[in-house]
Amino acid sequence: MNWDTVNSMNKTSLSALYRRLTSANTPALDAEDIAAAADGTLADDRREAVAGAIAASPVHARVVRMLRELRTDSEALAFGIARTERDAAHRRHERSDRRIATGRRYGQVTRWATAMAACLVAVVGFWTQRHVQTESPRAHAVAKADRIFTSRDTISHLTMDGPRSKPSVEGDRLFRDDFSGGG
Amino acid sequence: MANPADLVQARLEALFRTYGAKVQALLLTYGLDKHGIDPADVEQEVRIRLWRALERDRSGAFHASYIQRVVASTVIDALRRAEVRAAEPLPDEDEEPGSVGEAPVGPDRRAGDVEQMQGLARCLAEIPERRRLPITLHLQGFALQEIADLAGIPSAEAARKLVSRGLEELKVRLRELGYGEFDE
């Protein structure tokens, strides 16, 4: 028989007696202390008081023992929550990335369309300019025609008035010469 | 296709349900239902408190020690409420977790118990503090490693030695004072 077995035989009566002795004790322990005691993280300055209170109260002792047994499940729950939240965050990031990628694609299409529109405007502008240039010689022709007409008018004016006035001038000059020569 | 938020909610609910079932089972195993608390109520309260904490800070890390504190505070609150409204005496503390209760105690034995309890209290008071704490923790049902952790003893082996010597001393003293044999 080992030590634990021997003592478990004695302990039963002593334990029972001690628990009856302390059954009415309900020390004012707070949850922080009890959780710390269960986790084995009691501060040194609180250890004696808290451990002593737990040793003197069967109810608190049971709560501490229960919490110690629950520790693995609490760790599993914390891990499960963290994993679930991490997966959810990962999905959110994926959705956000997809949205950004879609935005980028849309941006590229927009840029392409803008470039095409700019080209179109340039072509239309160029065409319009050319069109104006091809139409302008006619206008010049009209103006030249007017000028020719004017020149014709001038010419006609010259032909009409020139020969008639010139001889008269020369005639006058000759007439005057004749006067001076003769005199 | 299900909404991703609903899937997360469903997964968390499943986790809390599993954990809550474990809390309820342990409350029953350790006989805490005999102290005027309803394990189902405590389990529900634990789940509500954990949900609230999670909704307060979704990005915050949810540590096991925090979960343990939530359970501890819920159980302690329930015990205090039960204590306030208790009209009946506390149940007999003899039972080990999950064990069957002892036979009813007669008046003669009860008188003898009172005498023995007084003797035990006297003998415990005579034991030096360093050995008294491990012994009383042992008598409350803690294992050697648990005693080492609680009392700040370096190892389970060191706790075993302290408990062994202390118990021997206690038994000898009880025998000397005429309270009978406890080691047989």
Over its alpha-carbon atoms, the stretch B:120-176 yields an Rg and a Dmax in Å of 10.7, 33
Dimensionless Rg/Rh of the stretch B:8-85, both radii on Cα and Rh by Kirkwood, sits at 1.00
Per-residue average of other protein chain Cβ atoms inside 10 Å, peptide B:22-29 -> 4
Within 10 Å of the Cβ of an average residue in A:80-88, the count of other chain Cβ atoms is 6
One point scatterer per Cα, no solvent, Debye formula: log10 I(q)/I(0) for the stretch B:38-77 at q = 0.15, 0.19 Å⁻¹ comes out as -0.34, -0.52
Once both label points are put 7 Å beyond Cα along the C-beta direction, the B:K161-B:I48 separation in nm becomes 5.1 nm
Applied in sequence order to the stretch B:140-148, the curve 6.51 cos²θ - 1.76 cosθ + 1.60 (Karplus, θ = phi - 60°) yields integer Hz couplings, x standing for Gly and Pro, of 7, x, 6, 6, 4, 5, 5, 4, 4
Per-residue average of other protein chain Cβ atoms inside 10 Å, peptide B:158-169 -> 1
Under the 7 Å Cα-to-Cβ spin-label approximation, B:A25 and A:R92 lie apart by a distance in nanometres of 3.4 nm
Going residue by residue through the stretch B:13-25, the Karplus relation 6.51 cos²θ - 1.76 cosθ + 1.60 with θ = phi - 60° gives ³J(HN,Hα) values, rounded to whole Hz and with x marking Gly or Pro, of 4, 5, 4, 5, 5, 4, 5, x, 4, 5, 4, 4, 4
Most packed first (mean Cβ within 10 Å per residue), the peptides B:154-161, A:46-53, A:63-70 order as A:63-70, A:46-53, B:154-161
Nearest-0.05 FRET efficiency for A:R46 and B:Q9 at R0 = 56 Å, using Cβ-Cβ distance, is 0.90
For A:L42, the residues 5 or more places away or on another chain with a placed amide H closer than 5 Å to its own amide H are none
So, with points 7 Å from each Cα along the Cβ direction, the A:C119-A:E75 label distance in nm works out to 6.6 nm
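Just so you know, all these numbers are worked out from the coordinates, no wet-lab data involved. Fair warning: this is a prediction, and the values are worked out from it, not measured in the lab. Glycine gets a Cβ as well: all are built from the backbone with ideal geometry, and neighbour counts include every protein chain shown.
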